[in-house]
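What follows is a single structure, written as structure tokens, with notes after it.
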Amino acid sequence: MDIISFPVLISKEGKWFVASCPMLDIATQGRTEEEVKENMVDLIEEYMEDPDTQKPDWETIISTSVTMTSVPVKIRGVYRGTKTSPAITA
């Protein structure tokens with residue numbers, strides 16, 4: 001059995017945590033961050049075991065690197081003058 005670390009993005013949307021795995025184009029949710037991580041592990045395992053689901057080839061999976069980065073974006077109007085405006089970085 002091989003163990004692979006898949007890149008997963010987690011965000012909080014209202015009362016729910018949402019996790020997505022862009023490499024496999026799948027997503028799940030949970031009430032806590034720990035629950036959403038467990039749900040994602042279960043979902044990825046099911047996805048990889050399902051014989052009817054088309055999967056990336058093994059070389060693509062092990063050779064894909066993911067870089068998280070931020071990009072500066074000018075936001076016009078919507079947040080101007082609000083007390084809770086987002087942090088601005090250059």
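Can you tell me how many residues within region 56-70 are part of a loop (DSSP other than H, G, I, E, B) and over 14 Å from residue 9 (Cβ atoms)? Residues meeting the conditions: 4.
Applying the selection to region 1-17, what residues are surrounded by 13 or more Cβ atoms within 10 Å (Cβ to Cβ) and over 8 Å from the mean Cα position of the chain (by Cα)? 6, 16, 17 - these are the residues of region 1-17 that are surrounded by 13 or more Cβ atoms within 10 Å (Cβ to Cβ) and over 8 Å from the mean Cα position of the chain (by Cα). Being of a type in the set (Val, Ile, Thr), modelled with pLDDT under 95 and not in a strand (DSSP E or B) narrows it down to one residue among 73, 41, 36; which is it? Matching residue, one of 73, 41, 36: 73.
The values are calculated or read from the model by the stated rules, or taken from the named source; none is laboratory data. In this text, all values refer to a predicted model and were calculated from it rather than measured experimentally. For neighbour counting, all protein chains shown are included, and Cβ atoms are generated from backbone atoms with ideal geometry for every residue, glycine included.
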